[in-house]
Structures are given as structure tokens and as C-alpha cells.
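> This structure is in C-alpha cells; I'll ask about it shortly.
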Amino acid sequence: MLNVTEMYVALFLLLQTVLGANILHIAPIAVRSHHIWNRALAFGLIKEGHNVTMLSRFEEKENFKNFHIILLEGFFDKPFEYYSLDSTQTNTFLNIKTLYDFSLFSCEHDLATQGFKTLMNYPRDFKFDLIIIDISIQQCLYPLIERFKNPPVVAVTPFLLPPVLSHLFGNPLQAAYMPYYNTKYTDRMSFLERITNFFLIHFEILYRKYMAIPAESKLAKKHFGENIQSLDEIERNISILISNYDPILCFPLALPPNIIPAGGLHIESVKPLPNDLKTIVDNAKEGLIIFTLGSHLRSDHMSISKRTTILNAFAKLPQTIFWKFESEIDDLPKNVIVRKWLPQNDILGNSKTKLLITHGGGLSTQEAMNHGIPVIAIPFNTDQYANAEKLANRNMAKILSYEDITTDSLHSAITEILNNPMYSTNIKQLSQRYKNRPEHPLKKAVFWVEYVLRHGSANFLNLASRDMYTYQAASYDVIMALLMGLYLLYSLISFIFTSCKFIYYRVYP
Ligand SMILES: *[C@@H]1O[C@H](CO)[C@@H](O)[C@H](O)[C@H]1NC(C)=O
Ligand SMILES: *[C@@H]1O[C@H](CO)[C@@H](O)[C@H](O)[C@H]1NC(C)=O
């Protein structure tokens with residue numbers, strides 16, 4: 001038994017490790033939505049008194065206490081050509097290659113930046129109590145963990161929950177009902193879809209392991225030295241994965257205890273609109289529609305003819321339409337308002353908003369579901385197809401293909417959603433189910449980061465499958481052995497049968 005003083009000392013030690021921890025948050029991925037999600041988590045931690053140093057590509061306009069950005073400068077001066085409006089790639093296998101090419105391209109840039117050097121030049125004995133790292137792509141930065149003497153590590157992914165990442169944490173593959181994020185499948189697939197899904201999931205696992213990681217490892221060695229720990233080994237030692245997955249927003253899935261679902265942690269409570277927008281909203285008698293292609297794709301890169309097609313459809317509507325558009329447009333229809341930036345969450349939370357037209361990005365669709373606003377999705381790449389299908393499948397959205405949009409098809413999709421209450425009823429019901437929870441997902445995520453801080457790691461939460469090969473964890477070896485056994489048995493029986501027949505005919509010719 002501890003006496004009272006010892007108890008106080010123990011309590012003090014426990015609290016001390018959590019109060020005001022010094023955290024390095026590696027969030028390099030060059031997509032603003034990843035930054036928005038990571039930043040929300042960082043601010044959740046800062047509110048609890050921690051000091052967060054974030055390696056990021058996105059600058060802050062303001063200074064915040066205990067929030068320090070180390071900028072990976074210059075990336076957007078030479079953007080990666082594949083993720084744009086005119087390259088909607090439809091071959092899913094090629095998409096996997098493109099994703100990892102993007103990862104390597106980003107790595108090459110980052111490791112040569114001043115920001116990276118700044119971090120590497122921190123004093124040798126500088127101590128981070130914990131590292132958070134966005135592991136969606138860019139494994140080349142793992143050696144930073146070793147550089148800061150292997151403190152406990154928490155992985156995060158704003159990219160919902162790709163099978164390849166959940167598998168790293170020991171999750172069974174669930175290929176029969178976990179649709180690959182780059183497909184239009186739902187959790188109920190036909191036999192042929194399950195075959196494709198099975199191949200895609202396994203292909204990505206193999207591609208990542210045997211192509212992408214070795215390439216990034218080679219690059220990492222150039223910058224960190226030949227003797228670094230292997231990237232697999234560092235990855236294997238990461239404690240938990242906090243993911244932007246939620247069973248109500250996505251499909252229900254089985255998760256091991258070391259994967260923490262915190263889907264929608266970036267969604268804040270609704271704030272009042274700035275005055276100019278408030279006046280517009282107050283005057284919108286017939287309601288509001290928001291049109292945004294997210295933070296990555298730029299609406300002003302659209303061809304003039306496509307833009308006119310869209311504006312003609314909007315002009316026929318009585319609603320007021322907010323379009324997130326990055327430059328000016330001459331002769332806009334009276335009911336269309338263009339802004340470079342919109343407080344999307346706050347407008348979605350306004351009772352006048354009736355529809356969101358979006359590219360189907362993870363964060364936007366989550367915000368629509370949170371606020372119960374039906375959607376028209378125009379997906380372009382990566383997980384956008386799956387996000388769109390998830391909504392359409394549950395009758396909360398309609399999907400349009402960007403290439404095929406005409407004034408009529410867009411106008412009729414909008415009027416269908418506005419006039420048929422099914423869409424908004426369904427998504428409002430989902431919104432209520434999602435918001436009915438013991439705690440906000442941000443609070444949950446912060447709790448789990450602090451849990452790892454307090455306990456130094458969370459190895460004890462691992463399923464044993466995390467240490468197995470995929471074929472062992474999925475029992476493919478057992479199935480093979482059984483099939484071979486059956487085949488041997490069959491061969492044996494047919495051998496005996498043929499021999500008997502042979503003997504029989506010899507004896508009684
Ligand atoms: C907070 O982070 C900054 C930037 O990395 C660092 O210079 C400072 O020493 C940290 N503060 C504490 C109290 O650890
Ligand atoms: C694994 O992580 C723990 C802390 O969580 C650390 O003490 C240990 O050195 C790490 N091991 C390797 C091989 O990185």
C-alpha cells in the first residue's frame with residue numbers, strides 16, 4: 001500500500017507528464033483539408049495547455065500562444081499536375097500509383113526546404129514529449145521520430161480510414177464490406193465488386209510496401225543518413241491511430257482498440273456570420289445554396305464554357321447561391337454571390353441553407369452531414385467518389401459527373417433535391433444520430449493523445465495481428481493448407497478407386 005505522501009508524489013508525476021507537454025506535430029500533406037483537420041486537433045491540445053510545434057505547408061496570419069508553425073516553404077509554386085480539374089483519372093489502379101507519386105514528389109520538395117533544416121537544427125538535446133504525425137502519405141519523414149530520440153508517437157489521418165492504414169494497426173482487412181476509398185462501391189457489394197475491391201486493397205498494400213516505401217526510404221537515407229531505422233520499424237512502433245472515421249458518417253466497421261474514431265473533429269460550433277454575409281443571408285427569402293469545390297481544386301481554373309453552363313442553371317433558380325470562386329466574374333446573375341473564401345461551416349449551420357454543391361471532399365461532406373444539409377456531389381479524385389456514393393446510396397445526395405454537366409442536368413438535380421423532402425429528411429435524421437454522442441470527437445482525440453503521453457505508449461492495445469504477415473492475419477495460409485489437404489484427399493480417394501477398379505477388372509475380366 002502507498003502512504004499518503006507517496007500517493008501525492010505518484011499523482012504529481014502522472015499529472016506532470018500531461019500538463020504542458022511539448023508536442024511536435026508533423027503535418028506536411030499538401031492538401032488544405034488535411035491541414036484544417038490537423039490544425040483543429042493541435043488547437044484542441046493547445047487549449048489543454050500543451051505547446052505544439054507544427055511542421056506544415058500552410059502559414060498562419062495570426063500568432064497564437066503555444067502554437068508554432070515551421071513552414072515547409074515553396075510547395076505551391078510548382079503544383080503537382082495530376083490533382084486538377086481537368087485530370088479526372090478513372091483507372092483506380094493508376095490512382096494508387098498517382099497517390100504515391102504525389103507522396104514522393106512532396107517528400108523530395110520537403111526534405112530540401114529551409115523549414116526542414118530549421119527543425120533538424122534544433123539543439124541535439126531538445127526534447128519533444130510526444131510526436132503526432134499525419135501518416136496518410138509521406139513516410140519519408142518518419143526518421144524525424146528517431147532524430148528526436150523516439151518519444152511516444154500518435155498517428156493521425158484526416159483521410160477517413162484507408163484500409164492500408166488501418167491494416168498497419170492490425171485491423172482485419174474487411175475487404176468484403178469495406179469499400180476501397182477510390183471506388184463507387186458501398187458496404188454491400190456484388191460478387192464481382194468484391195473481387196475488384198479485394199484486388200484493390202491488396203494491390204495498395206503491396207504497392208505501398210514494395211514500391212512506395214522503398215523509394216521514400218532511399219530518399220530519406222540521402223537526407224538523414226544511411227544508418228536510420230527502417231521506416232517499417234518506426235511505423236510498427238507508433239502507438240495509436242486517430243482517424244477521421246465515424247460509424248454514423250461512414251459505414252459501420254470493426255475497429256481494433258488502437259484505432260480511435262474521431263470523425264468530424266474539425267467541425268466547430270456555428271459562429272455568427274460577418275456583417276456583409278449576414279445582410280445577404282437575411283435578404284435570401286427563398287433560401288441559400290452553397291457551391292464549393294473545396295480548398296484544393298480552384299473553381300476559377302474551370303473553362304469559361306463550363307462556368308457559363310453552371311451560371312445559367314443558377315440564374316433559373318429563386319435561391320441565393322454562394323459560390324466559392326477564387327477570382328472575379330463579370331456579369332454574374334443577380335442571385336449568385338462569389339467569394340474567395342466562405343465560412344462554410346457557419347453558412348451550413350444557418351437555417352436558410354437548403355443545399356451544398358461540392359466536389360465531395362471528406363471534410364465538406366462531413367460538415368453537410370453534421371448540419372443535415374443535402375448534397376449534390378461532383379467528385380474529381382481520390383476519396384471523393386466514395387464520399388459521394390456514401391451519401392447518394394442513403395438518398396441524401398445526387399451525383400453529377402463534371403464532364404457531363406449541362407445547364408439542364410444541374411438545374412434538374414437541384415430542383416429534385418429542393419422539391420423532394422426525402423433527401424433533407426434522411427440527412428437531418430443522420431445529423432441527429434451523429435450529434436447524439438457522449439463527447440465531441442475533438443475531446444476524444446485529445447484524451448487519447450494525453451493517454452499516450454501518460455502511459456508512454458499503447459502497445460498493450462495492439463491486436464496480435466499487428467505483428468503478423470497479411471497472409472497469416474487473414475488466415476490465407478490456413479485456407480491454402482485446407483484446400484491442399486482437400487486436394488490430396490481427393491487424389492488419394494481417386495487413386496484408391498482407380499486401383500480397385502483395376503484389380504476388380506483383373507480378377508473378373
Ligand atoms: C514550444 O515550442 C517552441 C517551438 O518549437 C520551442 O521553441 C519552445 O521551447 C517550446 N516551449 C516549451 C515550454 O517547451
Ligand atoms: C518505440 O517507442 C518507445 C516509446 O514509445 C521508445 O522508448 C522505443 O525506443 C521505440 N523503439 C524503437 C525501436 O523505435
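The values are calculated or read from the model by the stated rules, or taken from the named source; none is laboratory data. None of these values were measured; they are calculated from a predicted model. Using ideal geometry, Cβ is built from the backbone for each residue, glycine included, and neighbour counts are taken over all protein chains shown. Note: accessible area is taken over every heavy atom of the protein model, side chains too, but ligands, DNA and RNA are not part of it. Shrake-Rupley method; radii C 1.70, N 1.55, O 1.52, S 1.80 Å.
> Using only the Cα atoms, what convex hull volume per residue in Å³ does segment 286-421 have? The partial results should precede the final answer.
Numbers: hull volume 13.5 nm³, N = 136.
Roughly 100 Å³ of hull volume per residue.
> Which whole-Hz couplings ³J(HN,Hα) result when phi for each residue of segment 381-391 is put into the Karplus expression 6.51 cos²θ - 1.76 cosθ + 1.60, θ = phi - 60°, listed in order with x for Gly and Pro?
Values per residue, Gly and Pro as x: 7, 5, 7, 5, 5, 5, 4, 5, 5, 4, 6 Hz.
> Moving on. Please list 19-30, 202-213, 465-476 highest first by mean number of surrounding beta-carbon atoms within 10 Å per residue. Let's see the in-between values first.
Working: 19-30: 22.0, 202-213: 17.3, 465-476: 14.2.
Descending mean neighbour count gives 19-30, 202-213, 465-476.
> Another question, then. Carbon and sulfur: what percent of the chain's accessible surface (1.4 Å probe)?
On the way: 14600 of 24840 Å².
The value for the chain is 59 percent carbon and sulfur by accessible area.
> Additional query: Distance between the C-alpha centers of segment 151-181 and segment 326-379? Whole Å please.
Using only Cα atoms, the two centres lie 29 Å from each other.
> In addition: In the chain, what cysteines have no partner Cβ closer than 4.7 Å?
CYS250, CYS500
> Could you work out [θ]222 nm for the chain from helices alone, using -39500 (n - 2.57) per DSSP H run of at least four and dividing by all its residues? Round to the nearest 500 deg cm²/dmol. Mind dumping the intermediate values first?
Numbers: 19 runs with 228 residues, N = 509.
Result for the chain, helices only: -14000 deg cm²/dmol.
> Throw me the Rg/Rh for segment 286-345, computed over C-alpha atoms with Kirkwood Rh, two decimals. Working shown, then result.
Values: Rg = 11.0 Å, Rh = 11.8 Å.
Radius of gyration relative to Kirkwood radius: 0.93.
> What ranking do 113-121, 396-404 get when scored by the average of other Cβ atoms within 10 Å per residue, highest first? Before the final figure, lay out each step's value.
Working: 113-121: 15.1, 396-404: 17.6.
The peptides rank, most packed first, as 396-404, 113-121.
> What is the packing order of peptides 175-182, 322-329, taking the mean over residues of other C-beta atoms within 10 Å and listing the highest first? Please report the intermediate quantities before stating the final value.
Values: 175-182: 21.2, 322-329: 17.0.
Those peptides, ordered most packed to least, come out 175-182, 322-329.
> Which of rounded, prolate, oblate describes the chain, given a ≥ b ≥ c as roots of the alpha-carbon gyration tensor eigenvalues and a/c under 1.5 marking rounded, otherwise prolate only if a/b is larger than b/c?
Numbers: a/c = 1.81, a/b = 1.19, b/c = 1.52.
Note, shape of the chain comes out oblate.
> Check the straight Cα-Cα distances from LYS306 and name the lysines below 25 Å, setting aside those fewer than 8 residues away within the same chain.
Within the straight-line cut-off, LYS306 pairs with LYS184, LYS316, LYS324, LYS334, LYS340, LYS354, LYS398.
> Using Cα centres only, tell me the gap between segment 39-57 and segment 405-468 in whole Å.
21 Å
> Which residues' amide hydrogens lie under 5 Å from the amide hydrogen of TYR180, considering only partners 5 or more residues apart or on another chain, with H built in the peptide plane?
Long-range HN contacts for TYR180: none found.
> Calculate one ³J(HN,Hα) per residue across segment 478-493 by plugging θ = phi - 60° into the Karplus curve 6.51 cos²θ - 1.76 cosθ + 1.60, and present them in order as whole Hz with x for glycine and proline.
5, 4, 4, 4, 5, 4, 5, x, 4, 5, 4, 4, 4, 5, 5, 4
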